[in-house]
Structure formats: C-alpha cells, structure tokens
Amino acid sequence: MTAPTPSRTLLLFGATGDLAQRMLIPSLYGLDCDGLLPAELRIVGTARSAHDDDDYRTIAREALGRFVEAERLVPDQVERFLSRLSYVSLDASDPAGFSALAERIGAPDGGLSIFLSTAPSLFETTIEGLASVGLTGPAVRLALEKPLGTDLASSREINDAVAARFPEGATFRIDHYLGKETVQNLLALRFANLMFEPLWNRTGIDHVQITVAETVGLEGRVGYYDGVGALRDMVQNHMLQLLALVAMESPAQFTATTIRDEKVKVLRSLRRIDAESAATHSVIGQYGKGAQDGTGVPGYAEELGQPSATETFVALKAHVDNWRWQGVPFYLRTGKRLPERASEIFIQFRDVPHSMFAGRGARLQANKLVIRLQPEENISLMMMAKQPGLDRQGIRLREVPLDLGLANAFADVRRRIAYERLLLDLIEGDPTLFVRRDEVEAQWEWIDAIRAGWAANGMEPKPYAAGTWGPSAAIALTERDGVSWHD
C-alpha cells in the first residue's frame with residue numbers, strides 16, 4: 001500500500017481562537033523545531049477577525065510566549081516557524097469570502113490539509129464554500145474538531161454534508177484523547193506484553209472504572225455547555241473511546257482499518273441503558289455552591305444565571321455483551337467541580353482463587369492496574385509483596401506499586417502535546433488515531449438511548465456540592481455491587 005503524500009499547505013479555521021493559541025500553534029511550533037514538518041509546508045490561518053499576515057504572526061508569537069516553555073523559544077526557530085504563517089480573514093457564513101481564501105492557498109494539487117474548528121451550524125456552509133472555490137478534491141484532507149452533532153440524527157446530518165465533498169478516507173474526526181501518549185501506551189501494555197492479555201477478560205478482571213474529573217465550572221463555555229451536558233460533552237466521545245480501547249480484541253495489525261474495526265465492534269456490543277435500566281444504571285448530578293482549594297465557588301445555576309436541568313455529572317454502569325467481557329461491569333463517571341483534575345482507567349483484577357498465606361495471618365488484596373492520563377501520565381500496577389521481618393507473629397503481606405512513570409522512564413524524550421501527534425498525522429495522512437463515522441454513530445446510538453431513558457423516568461440531576469465527588473447516589477451505584485470508586 002502506497003503511503004499518502006504529505007500536504008504542502010495546512011489551513012486552520014478558528015486560527016485566532018483559544019484552541020489555536022493554547023494547542024495548535026504551540027504544537028506546530030514543536031513539530032517544526034524537531035524537523036518533522038515538511039520543509040515546504042505553509043500554514044494559513046483564517047477566522048472572522050480582520051488581520052493581515054503581520055498581525056497574525058504577532059498573535060502567534062504571543063501564544064508561543066504564553067504556552068511554550070521559555071527554554072524552547074529559540075529565536076531563530078521562532079522566526080523560521082512564524083515565516084510559515086499567513087492569514088486570510090473569512091466569514092464562513094458568507095460564500096463570497098471564500099474566493100480570497102482560495103487565491104491565497106492556490107490549487108490544492110500539492111496537498112492541502114484543513115483543520116475545521118467551527119460551530120456545527122457552519123459545517124455545511126463552510127464545506128460548500130470550500131467546494132465552490134476548488135478547495136476540495138483527492139489531494140485535500142479534512143479534520144473535524146468536536147462537537148459533531150448533539151444526537152445521532154444531527155451527527156448524521158453533519159457527516160452527510162462532509163461525505164458529499166470528502167470521502168471517508170479523507171475525513172479525520174478528532175478526539176484529542178487518542179493523541180495522548182498514555183492512551184496509545186494502553187495498546188502497547190495490552191498487546192506487547194504476554195503477562196496481561198491472558199488475564200484481560202472476565203476470568204481475570206472483576207470490573208473496570210473510567211474517570212474523567214474536572215475541577216473547573218463553566219469557564220466561559222456557557223453558550224455551549226448548557227445545551228450539551230456531561231453525557232454528550234465527555235462520555236459520548238472521550239470516555240467511550242477509552243472504553244473501546246480497554247475492551248477491544250487484538251487487531252491483526254497496527255493499521256487504521258484494523259484498529260477501528262475492533263473498536264466499533266465493542267461500541268456495538270454495549271448493552272443499552274434504556275427506559276428499563278436508566279434509573280438503576282445511571283446517576284446524574286448538578287453542582288451547587290461549595291469550596292474548591294479552600295475557596296468558595298458558586299453553583300452551576302448561579303454561574304449560568306438561571307435554573308437549568310443540564311447535568312454536570314454523570315455516572316454509568318455499562319456492560320459489553322460479548323464473550324470476553326460478559327458479566328464484567330464498566331463504571332464510568334465524569335463531572336465538573338470535582339475535588340481534583342484527573343483522567344484515569346482503573347482495572348480491578350479478581351482475587352486469587354486460594355490463599356496459601358491465610359493460615360499465617362496474611363490478608364491478600366487483588367491486583368489493580370491504574371492508567372493515569374492526566375494531570376501526570378503514569379501506569380501503576382499494585383502487587384502483593386512480603387513485608388520484611390522474621391514473621392514470628394505471622395506473615396505480613398503489603399500492597400506495593402510497580403510504577404511506570406513515563407516522565408521518568410522516558411526522561412530523554414520530550415513529552416508532546418496530544419495535538420502534535422494528531423496534526424502531524426493529518427498532514428501525513430495517517431487516520432489511525434482519528435474516529436471513523438461508524439464509531440461516531442455507534443456512540444451516539446448508545447448515548448441517545450440513555451437520554452431517552454432519563455426522559456422516560458423523569459430523571460433530574462441530583463445536587464452535589466462543588467468540590468465533592470458528585471451525588472451520593474453515584475457512590476450507591478457501585479456500592480450495590482460491593483465496589484468503591486478509586487479516588
């Protein structure tokens with residue numbers, strides 16, 4: 001199979017926005033410093049604000065100063081990177097504006113990658129505007145930043161609009177969690193180490209927990225978040241992708257097709273949480289006022305300025321109905337204004353079938369594997385070990401961690417922003433870490449059933465104080481099974 005040709009032009013929509021300044025510009029600078037961008041690559045930014053090339057380079061320089069470590073800001077490298085940048089002002093809702101964009105970019109035959117970060121309502125208008133001036137075709141790739149719809153129907157509408165101009169092989173749907181090193185290390189952990197895979201099933205694993213906790217509240221996302229909520233903002237994309245990577249079968253090869261084929265099988269095997277099970281298998285909450293880091297913070301309704309039924313916390317008990325995972329619960333939880341910022345996958349293994357140490361007073365604890373994605377990337381395996389001593393009063397065993405701190409294990413390698421990998425893969429045409437349409441639709445089908453179940457049961461978010469781990473019902477969700485959340 002012939003490798004795709006790297007693009008010679010990268011077009012960034014939303015080029016002056018927060019995502020571009022915090023993530024995209026620093027990521028592209030890092031790739032440029034390491035010599036990973038094609039030498040001839042041009043980066044064209046576009047947004048509604050009126051700027052010229054010099055203005056945009058000033059914006060980019062200031063973004064580098066805020067979001068890149070000072071020791072990495074080598075003057076010659078900064079200037080070389082900024083020389084790649086240019087800017088075209090564009091109101092995507094006005095089709096007439098695309099001519100100036102096309103004039104700046106020129107014919108896309110040499111390869112064009114487009115990073116589209118805009119309101120979903122503008123997706124179709126933007127794509128048709130690009131098509132009207134010849135900025136589509138076989139040499140053009142399109143990356144789509146979420147949100148991609150609010151339910152299955154709206155997602156299909158967006159995907160149909162995209163598919164009318166871009167084939168699936170040229171469509172790169174972004175889930176930035178897939179660019180995180182630890183997420184990719186999950187595949188290496190499972191499929192490059194003989195010790196794990198024989199136990200990675202219902203006979204070796206008792207349950208799985210996936211947590212994505214945020215300490216922030218609305219943080220300027222009022223217009224977006226209140227119409228979405230935690231289930232659609234976090235579970236539908238990031239958390240279901242993590243679940244799929246944990247639960248999928250071994251692909252035959254490390255290719256985009258085989259990996260995504262296995263993920264979609266998991267997503268289609270998820271047992272529906274519907275009208276009959278929503279009340280027992282899900283908990284929703286909304287934060288009220290409380291304290292965080294010793295400081296009082298307002299509740300969600302206060303931040304919003306009005307009452308709302310939007311959930312800021314959700315906990316789910318999910319099942320994957322296939323041979324490998326039958327009977328193994330997957331507990332998912334995510335929320336805002338929780339006690340700490342943390343994203344992790346927690347694997348609880350089963351107890352040993354018989355303890356030879358019980359007669360000597362030793363108590364065993366089942367092994368645990370903790371894969372921490374943020375704030376620090378780390379993999380920790382909790383093992384039982386003998387406590388040093390003469391054992392005159394009996395054998396004492398203690399749980400000890402075997403830690404793979406990636407920052408320490410790979411201290412000679414710079415830790416990369418997730419978007420560095422994703423932008424480079426877009427430019428080079430590698431879709432492995434992007435989400436395929438059938439994955440997105442399988443995710444939405446599951447999420448839509450949950451929301452319909454909430455409506456059928458008249459479920460409203462339960463209050464929880466900011467700075468706590470959500471409503472008490474979330475604790476009961478696991479405690480009924482004799483399980484405690486890993487906090």
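The values are calculated or read from the model by the stated rules, or taken from the named source; none is laboratory data. Keep in mind the model is a prediction, meaning the values are calculated, not measured. So basically every Cβ, Gly included, is an ideal-geometry build from the backbone, and we count neighbours across all protein chains shown. Ligands, DNA and RNA are excluded from the accessible area calculation, which covers all protein heavy atoms including side chains. Shrake-Rupley method; radii C 1.70, N 1.55, O 1.52, S 1.80 Å.
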Between T310 and residues 5 or more places away or on another chain, which pairs have amide H atoms under 5 Å apart, with H built 1.01 Å from N, and which residues are they?
-> none
When all protein chains stay in place, what accessible area (Å², nearest 10, 1.4 Å probe) is found for Y224?
-> 70 Å²
Given Cα pairs under 8 Å that are at least 6 residues apart, what percent is the relative contact order of the chain?
-> 19 percent
Suppose R0 equals 25 Å; then what is the FRET efficiency for M195 and R268 from their Cβ-Cβ distance, rounded to the nearest 0.05?
-> 0.30
Between A366 and T432, what is the spin-label point distance in nm, taking each point 7 Å from the Cα along the Cα→C-beta axis?
-> 3.3 nm
Answer in debye to the nearest 20: the dipole magnitude of the chain about its Cα centre, from +1 Lys/Arg and -1 Asp/Glu charges placed on Cβ, is 1680 debye
Considering only protein heavy atoms, with the full assembly of protein chains and a 1.4 angstrom probe, order W200, W323 by accessible area, largest first.
-> W323, W200
Of the convex hull enclosing the alpha-carbon atoms of the stretch 50-106, the direction-averaged projected area in nm² is 4.7 nm²
Can you put S484, S7, S472 in order of accessible area, largest first, using a 1.4 Å probe?
-> S472, S484, S7
Counting only DSSP beta bridges with both residues in the chain, tell me the antiparallel percent, nearest 5.
-> 60 percent
Taking the Cα atoms of the stretch 8-85, report the difference between the largest and smallest coordinate on each principal axis, in whole Å and largest first.
-> 32, 28, 20
When the charge dipole of the chain is computed with +1 on Lys and Arg Cβ and -1 on Asp and Glu Cβ about the Cα centre, the Cα farthest towards its positive end, among V216, Q253, I205, belongs to I205
What does the helix-only formula give at 222 nm for the chain: each DSSP H stretch with n ≥ 4 adding -39500 (n - 2.57), the total divided by the residues, and the result rounded to the nearest 500 deg cm²/dmol?
-> -9000 deg cm²/dmol
For the stretch 9-145, the Debye formula with one identical point scatterer on each Cα and no solvent gives log10 I(q)/I(0) at q = 0.15 Å⁻¹ as -0.70
Cα-Cα over 27 Å: which of K263/K462; K263/K317; K146/K265; K146/K180?
-> K263/K462
Normalised by the residues of the stretch 9-145, what does the relative contact order come to in percent, with Cα pairs under 8 Å and at least six apart?
-> 31 percent
Share of pairwise Cα separations in the chain, more than 36 Å, in percent | 36 percent
Among GluC sites (Glu not before Pro) in the stretch 65-173, those in a DSSP loop whose Cβ has at most 10 other Cβ atoms within 10 Å are E69
Could you order W325, W485 by accessible surface area, starting with the largest, using a probe radius of 1.4 Å?
-> W485, W325
Output the Kirkwood hydrodynamic radius of the stretch 110-159, Cα pairs only, in Å rounded to one decimal.
-> 11.6 Å
Quick one: how many Å² of E62 are accessible to a 1.4 Å probe, rounded to 10?
-> 100 Å²
Give the accessible area for H354 in Å² (nearest 10); use a 1.4 Å probe, count only protein heavy atoms, and leave out ligands, DNA and RNA.
-> 140 Å²
What net charge is computed for the residues neighbouring L82, neighbours being all others with C-beta under 14 Å from the C-beta of L82, Lys and Arg scored +1, Asp and Glu -1?
-> -3
In the neighborhood of A153, defined by Cβ-to-Cβ distances under 15 Å, what is the net charge if each Lys or Arg adds +1 and each Asp or Glu adds -1?
-> -3
